[in-house]
Structure formats: C-alpha cells, structure tokens
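Have a look at the structure below before the remarks.
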Amino acid sequence: MAARADSPAALPALATPAEVAAYIRKSPKTLANWRSRGLGPRWRKAGHSVLYRRADVERWLDQT
C-alpha cells in the first residue's frame, strides 16, 4: 500500500503509537487518551507494547 498523500511516510503493517500519531498528525498522548476512552483506531497489546495494524488505522480513517 502506498503512503497517503497527506502522510509523512508509509505506515508499517504493525505500527507503534508514535508511528500512528505521526501518520495521522496527532500526538502519541492523544492516541493514549483515545485508547483509554475507547476511541480511535483499533489497537492490540503485545506484551507491554501497544500496536496498531495498518489495516485497522486505514479503516478507521475511512470512517472518520
């Protein structure tokens, strides 16, 4: 999948909150706030790490 025209770079298949935040031009703190409130793109825990699947982020962007 190509990078979105308005994004700084392509999003990897599994992305960290910092990568997603840069991609959608929000802060990682905003993503953390959204996670605690049940908002934003779907995310997963891998051990102690939070990860986002690119497909989930793209789907969420298409719905907003």
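Key figures
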{"quantity": "Relative pair counts by distance (%), Cα atoms of the chain, 5 Å bins", "calculated": "4, 19, 32, 30, 11, 4, 0"}
{"quantity": "Carbon and sulfur %, accessible surface of the chain computed with the full protein complex present, 1.4 Å", "calculated": "52"}
{"quantity": "Per residue accessible area of the chain, 1.4 Å probe, in Å²", "calculated": "66"}
{"quantity": "Chain lengthening between Ser36 and Leu61 when straightened (0.36 nm per residue, less Cα-Cα)", "calculated": "7.1 nm"}
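The values are calculated or read from the model by the stated rules, or taken from the named source; none is laboratory data. Nothing here was measured: the structure is a model prediction, and the numbers come from that model. Protein only, heavy atoms only, side chains kept; ligands, DNA and RNA dropped before computing areas. Shrake-Rupley method; radii C 1.70, N 1.55, O 1.52, S 1.80 Å.
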